[in-house]
Amino acid sequence: MRLMWKSVDKMRCFRKRSMFPFLGFLITFLLFFNLYMDDRYVLEAEKRQLGETLIHPANSERYVHTFRDISNFSGTINVTYRYPQYLTIGLSSVKRKKGNYLLETIKSIFDQSSYEELKEIVVVVHLADFDLAWCENLVQDITRKFAHHIIAGRLLVIHAPEEYYPSLDGLKRNYNDPEDRVRFRSKQNVDYAFLLNFCTNLSHFYMMLEDDVRCSRNFLTALKKVITSREGSYWVMLEFSKLGYIGKLYHSRDLPRLAHFLLMFYQEMPCDWLLIHFRGLLAQKDVIRFKPSLFQHMGYYSSYKGAENKLKDDDFEEDSIDIPDNPPASLYTNINVFENYDATKAYSSVDEYFWGKPPSTGDFFIIVFNKSTKISKIKIATGSDDRQNDILHHGALEVGQKLVETKQGRQCTSFITLGEFKGGNIEVNNVDHKIGFDIECVRIVVTASQSEWLIIRTISLWTTQPVSQ
């Protein structure tokens, strides 16, 4: 631990001197590493003379860093960074013995995003290898392929000099891992710490990806729907892939603490294990993972020794745009709930469900929106693959208005029936064309008692316009 703090002190002193040379056309190799201060990073770029020009950030009073462009390009270009954005996507990459998927990953991020979505994201790539020739060559490749994204301010590349790292020798050999494996995963934790700290104030949310990933189409729109549906609920990390450190979403305000955490325990265990502890320490007990997965692992060779790694996420879907909106709401039911399979679990995209004891005629399950909304489509599925008879055998779907406060909570006083459940399921399209009012409640009503228990697997609602955050 003493070595780590000594290394950090060294970093502080190093910040007062010139930074590592800028590697490549227009890609800023920035490192503002101060894990022990609550800094706000303001990135503003005016006209930059490339060639042998020295670059000084606008906020030089707080960040006295100098960069030298060593590319062959000369000219003057305007680059405007507009922060905070909605989402930062962070990737850390090192040289592999076999294969390199970074360029494909960056391409997938941009290609799978619409023009409007691109306005709300910034991608930060940390080239974390100590081989500077490799970094230089990769920067040139990134520059050639993604120049327009760099100019638009939505692609940044950073590098942390080796001097900034704590000692990677004589590390603990927890779990009886070989020395080179311990060094690899310990350095990876520090790589992520630099990346997270740099990204702290670039956006409202932060998504971690690995450098060998394929994205689903319009993944940002799907993410925003999920985030909106979680409005008012507490979460630390949302997961959009079940593999590794892929598709893990955080509030940007938590990034400094996560960076501290990874640095403090960098030699103890792999990063994906540390993430579980971090989430738990911030009081998110359970995994919150959404389906379908929005990101797919595409590499065949690991960044560790080039070992084969053909893992695939079987929940991934290339087109995930049809994720429901599920506007923020409160849920109530008078059906006896089994254990912790409560009503809210049917309304989430998380892989869980509501489970109740046998319902009787007149029992209900109601969704009360935080504010009235226009609904275009409603789809509800009951039962599960394991318990195919725990469906709603006889029930109706209703929508309501005219909210009032009751002892049981807010309730609508006026309802219209949209249809009956068939085989435990119901789907109603063009709801907004059939109903002449903004909907305040959606209600499932049991129309006949049944002896079987009831699982409500998913309740999916689509709105006629984007739901504002």
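Before moving on, here are some points about what is shown:
- Shape call, the stretch 329-463: gyration tensor on alpha carbons, a/c limit 1.5: prolate
- Within the stretch 65-297, percent of DSSP bridges classed antiparallel, to nearest 5: 35
- For Met298, the residues whose modelled amide H falls within less than 5 Å of its own, excluding neighbours fewer than 5 places apart on the same chain, are Val213, Arg214.
- For Ala329, the residues whose amide H sits under 5 Å from its own are Asn370, ignoring neighbours fewer than 5 places away on the same chain, with H placed 1.01 Å from N.
- Ranked from largest to smallest solvent-accessible area, with a 1.4 Å probe on the protein heavy atoms, Tyr250, Tyr332 come out as Tyr332, Tyr250.
- Global form of the stretch 216-300, assessed from the alpha-carbon gyration tensor, a/c cut-off 1.5: oblate
- Per-residue ³J(HN,Hα) for the stretch 181-187, Karplus 6.51 cos²θ - 1.76 cosθ + 1.60, θ = phi - 60°, Hz, x for Gly and Pro: 5, 4, 4, 4, 6, 5, 4
- Relative contact order of the stretch 65-297, taken over Cα pairs closer than 8 Å and 6 or more residues apart, is 26 percent.
- The stretch 291-298 - phi-based ³J(HN,Hα) in whole Hz, Karplus 6.51/-1.76/1.60, Gly and Pro as x: 10, x, 5, 9, 9, 10, 5, 10
- Here the dipole of the stretch 329-463 is about 420 debye; that uses its Cα centre as origin and unit charges on the Cβ of Lys and Arg (positive) and Asp and Glu (negative).
- Dipole magnitude for the stretch 65-297: about 640 debye, using +1 per Lys or Arg Cβ and -1 per Asp or Glu Cβ, origin at the Cα centre.
- Close lysine pairs were tallied over the stretch 329-463: pairs 8 or more places apart or on different chains with Cα atoms under 17 Å apart number 9.
- Anisotropy class of the stretch 65-297 from Cα gyration tensor, a/c 1.5 cut: oblate
- Karplus-derived HN-Hα couplings along the stretch 326-337 (A = 6.51, B = -1.76, C = 1.60, θ = phi - 60°), whole Hz, x at Gly and Pro: 6, x, x, 7, 9, 10, 9, 8, 9, 7, 5, 7
- Residue among Ser293, Tyr206, Ser92 farthest towards the positive dipole end of the stretch 65-297, charges placed on Cβ: Ser293
- Counting only heavy atoms of the protein chains and using a 1.4 Å probe, Thr464 has close to 60 Å² of accessible surface.
The values are calculated or read from the model by the stated rules, or taken from the named source; none is laboratory data. Quick caveat: nothing in here was measured; it's all calculated off a predicted structure. Every residue, glycine as well, gets a Cβ built from its backbone with ideal geometry; the counts of neighbours run over all protein chains shown. For accessibility, only protein heavy atoms count, side chains too; no ligands or nucleic acids. Shrake-Rupley method; radii C 1.70, N 1.55, O 1.52, S 1.80 Å.
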